[in-house]
Structure formats: C-alpha cells, structure tokens
1. Go through the stretch 2-32 and report how many residues are among the charged types (D, E, K, R) and within 20 Å of Pro53 (Cβ to Cβ).
2. Taking into account only those residues within the stretch 61-119 that are exposed (fewer than 13 other Cβ atoms within 10 Å of the Cβ) and polar (S, T, N, Q), which is nearest to Leu133 (Cα to Cα)?
3. Would a scan of the stretch 61-72 turn up a residue that is within 30 Å of Met1 (Cα to Cα), touching a Phe, Trp or Tyr at 6+ places or on another chain (Cβ under 7 Å) and basic (Lys, Arg)?
4. Inspect all residues belonging to the stretch 121-133 and state whether any of them is outside any helix (DSSP H, G or I), more than 22 Å from Ser27 (Cα to Cα) and out of contact with any Ser or Thr (no Cβ under 7 Å at 6 or more places or on another chain).
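The values are calculated or read from the model by the stated rules, or taken from the named source; none is laboratory data. Only a predicted model underlies this, so the values are computations on that prediction, with no experimental measurement involved. Note that each Cβ is placed from the backbone with ideal geometry, even for glycine, and that neighbours are counted across all protein chains shown.
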Amino acid sequence: MNNRTKEFWLPAMTSLAISEGMLFAISITVATHARLWQLGAAAMYVPWLLSLPAAGAAGAYLARRGGANRKALLAAVLFPAFVGLAFICGGLLITLMGAPVFARPQWFYVPLALIVGVLIPCVALWLGSLPFLRKHRAGSTEISA
C-alpha cells in the first residue's frame with residue numbers, strides 16, 4: 001500500500017464510512033419510531049453530531065498509525081465535512097445553472113447550510129482527533145504492524 005493511501009485515503013474513507021453509517025442507522029431508527037419522528041430534524045442531527053467525534057478519532061488513529069503529518073491527518077479527519085461542502089456547492093451550482101429544482105431557492109439558507117452541514121461537523125470531527133494531534137515522543141512505545 002502506498003503512503004498516500006495509508007496516510008490519507010484509508011483514514012478519510014473510514015471517517016466518512018463511520019459518519020455516514022451512523023447517519024443511516026440513526027435515520028432508520030427515527031423513521032421507524034413515531035415519537036422520534038415528531039421531534040423533527042433534531043432527532044437525527046443531534047445523535048449524529050454526538051457520533052462524529054468517534055468517526056474523527058478513528059480516522060485520526062489510522063492516519064497517525066500510517067505516518068501522516070498533521071495536515072494529512074486533519075484532512076483525513078475532516079473529509080466527511082468536505083463531502084458535505086461538496087454537496088452544498090453542487091446544489092448551488094445546479095441552482096445557478098438554471099436547472100429545474102423542486103423548491104424555490106431561498107438564498108438566506110446557504111449560510112445556515114454551511115454552518116449546520118460543514119462548520120459544526122468539522123468541530124465535532126476535530127474534537128475526536130485531538131488526542132492524536134500530539135507529536136510523537138522520541139521514546140514512545142507505540143505498537144506498529
């Protein structure tokens with residue numbers, strides 16, 4: 001396995017898979033329970049946010065174990081938020097190109113989407129990576145494969 005795969009792609013895809021897998025599991029749970037469904041979007045968003053530090057920690061662990069520097073580690077950890085940003089930008093691009101959309105675009109929701117869909121998840125993912133951002137100590141006894 002090459003370094004780019006060990007340091008970035010494997011940790012980034014792990015972080016993304018955990019993040020989206022938890023969102024899927026939470027959405028199935030909310031959709032099948034009427035009381036949770038009545039709570040609205042918060043019933044999915046809050047538990048998903050609480051699960052993001054685990055996704056960030058898993059990505060950071062794999063990146064650090066693969067020998068990634070801090071920039072690569074953070075990029076791998078924040079990858080799910082970058083995917084969210086890509087979806088938001090894609091939706092904006094489609095709307096600006098004049099493609100038919102099923103709802104009237106309301107531009108004041110764009111900053112809200114960026115805050116709720118990118119900024120807050122970035123913070124949650126970053127919190128999970130904090131234990132792995134320290135520099136390696138010279139005499140550390142870390143298990144390596």
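1. Applying the first criterion (among the charged types (D, E, K, R)) to the stretch 2-32 yields 4, 6-7, 20.
Now drop any that are not within 20 Å of Pro53 (Cβ to Cβ), which leaves 20.
So the answer is 1.
2. Per the stated criteria, the residue is Asn69.
3. There is at least one residue in the stretch 61-72 that is within 30 Å of Met1 (Cα to Cα), touching a Phe, Trp or Tyr at 6+ places or on another chain (Cβ under 7 Å) and basic (Lys, Arg).
4. Going through the stretch 121-133, the residues outside any helix (DSSP H, G or I) turn out to be 133.
So of that shortlist, the ones also more than 22 Å from Ser27 (Cα to Cα) come out as 133.
Checking the rest, the ones that are also out of contact with any Ser or Thr (no Cβ under 7 Å at 6 or more places or on another chain) come to 133.
Yes: one or more hits.
To keep it simple, each residue is scored yes or no on (1) touching a strand residue (DSSP E or B) at 6+ places or on another chain (Cβ under 9 Å); (2) modelled with pLDDT under 95; (3) in a helix (DSSP H, G or I); (4) aromatic (Phe, Trp, Tyr).
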| site | (1), (2), (3), (4) |
| --- | --- |
| Phe24 | no, no, yes, yes |
| Val30 | no, yes, yes, no |
| Ala55 | no, no, yes, no |
| Ala75 | no, no, yes, no |
| Ala81 | no, no, yes, no |
| Leu85 | no, no, yes, no |
| Leu93 | no, yes, yes, no |
| Leu112 | no, yes, yes, no |
